[in-house]
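The values are calculated or read from the model by the stated rules, or taken from the named source; none is laboratory data. If you're wondering where the values come from, they're calculated on a predicted model, not measured in any experiment. Glycine also receives a Cβ, built like all others from the backbone with ideal geometry; neighbour counts cover every protein chain displayed.
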Amino acid sequence: MTRRTLALAALLALTSTAPAMRAAETLRIVPITSNDTVVVTIELADAYSDELRQAISSGLRTTFTYDIELRMVVPTWVDRTVATATVNTSDQYDNLTRRHTLQRLVDGRVQESIVTEDDAVARQWLTTLSRLPLVDTAKLDPNRDYYVRISARARPHGGSLIGWASAVVGQAKFTFIP
């Protein structure tokens, strides 16, 4: 009886972690230092599904939220959070004019807003963040290990980002060498 219970527990653990491992593959995170600033580029590869495209074309406001943390690895202790940012990218499609009104908010402040008729521009706007500044390198300790952790989710909640997960989480590690 205990072997059967142990095998069932192992099978349950394996099947419950498989979606999380797959989700991390769809989120590409590239942290770099540029002009004394840590910047991050994020691409959510499989997020623009048919369900999402239908929600957008119906005129439903669609928003992707990216919660970003830069953390320092602290051995034998809790990792220290160095910087955080929340980025919201949204698309409000107008069926009459066939235009996408795209808006990007960083920590609640409007960073950029554009209007386009091109669906490819709307797709890239929602699923890609390029060279987002996180923190000045003066706040980092030299020769320390850091990682950028991203949690991405989409609204409306009716669909999912990649077919089965309500949020996608991933991280990218790097060592800061000045």
The condition from (1) of a type in the set (S, T, Y); (2) more than 16 Å from the chain's Cα centre (by Cα); (3) closer than 24 Å to S151 by Cβ that T127 misses is numbered (2)
Qualifying positions in the stretch 108-135 - out of contact with any strand residue (DSSP E or B) (no Cβ under 6 Å at 6 or more places or on another chain) and farther than 25 Å from D46 by Cα: G108, R109, V110
Do any residues in the stretch 53-69 that are more than 22 Å from S130 (Cα to Cα) have Cβ atoms under 8 Å from those of residues that are charged (D, E, K, R) and loosely packed, with under 15 Cβ neighbours inside 10 Å, where the two are at least six apart or on different chains, and which pairs are they? G59/D94
Of the residues in the stretch 32-86, how many are touching a helix residue (DSSP H, G or I) at 6+ places or on another chain (Cβ under 8 Å), part of a strand (DSSP E or B) and either of a type outside the set (S, T, Y) or on the phi > 0 side of the Ramachandran plot (or both)? 6
What do you reckon, is P156 at pLDDT below 95 and either out of contact with any His (no Cβ under 7 Å at 6 or more places or on another chain) or crowded, with 17+ Cβ neighbours inside 10 Å (or both)? yes
Leading residue by the ranking (nearest to V38 (Cα to Cα)) among those in the stretch 88-113 that are within 21 Å of the chain's Cα centre (by Cα) and hydrophobic (A, V, I, L, M, F, W, C): V106
R149: at pLDDT below 95, basic (K, R), within 22 Å of L27 (Cα to Cα) and part of a strand (DSSP E or B), yes or no? no
What residue, of W77, W125, is farther than 23 Å from K173 by Cβ and among the aromatic types (F, W, Y)? W125
Filtering the stretch 91-110 down to residues that are polar (S, T, N, Q) and at pLDDT 95 or above yields Q92, T97, T101, Q103
Select from the stretch 47-90 the residues that are at pLDDT below 95 and touching a Gly at 6+ places or on another chain (Cβ under 8 Å) and write down the one among them that is surrounded by the most Cβ atoms within 10 Å (Cβ to Cβ). L52
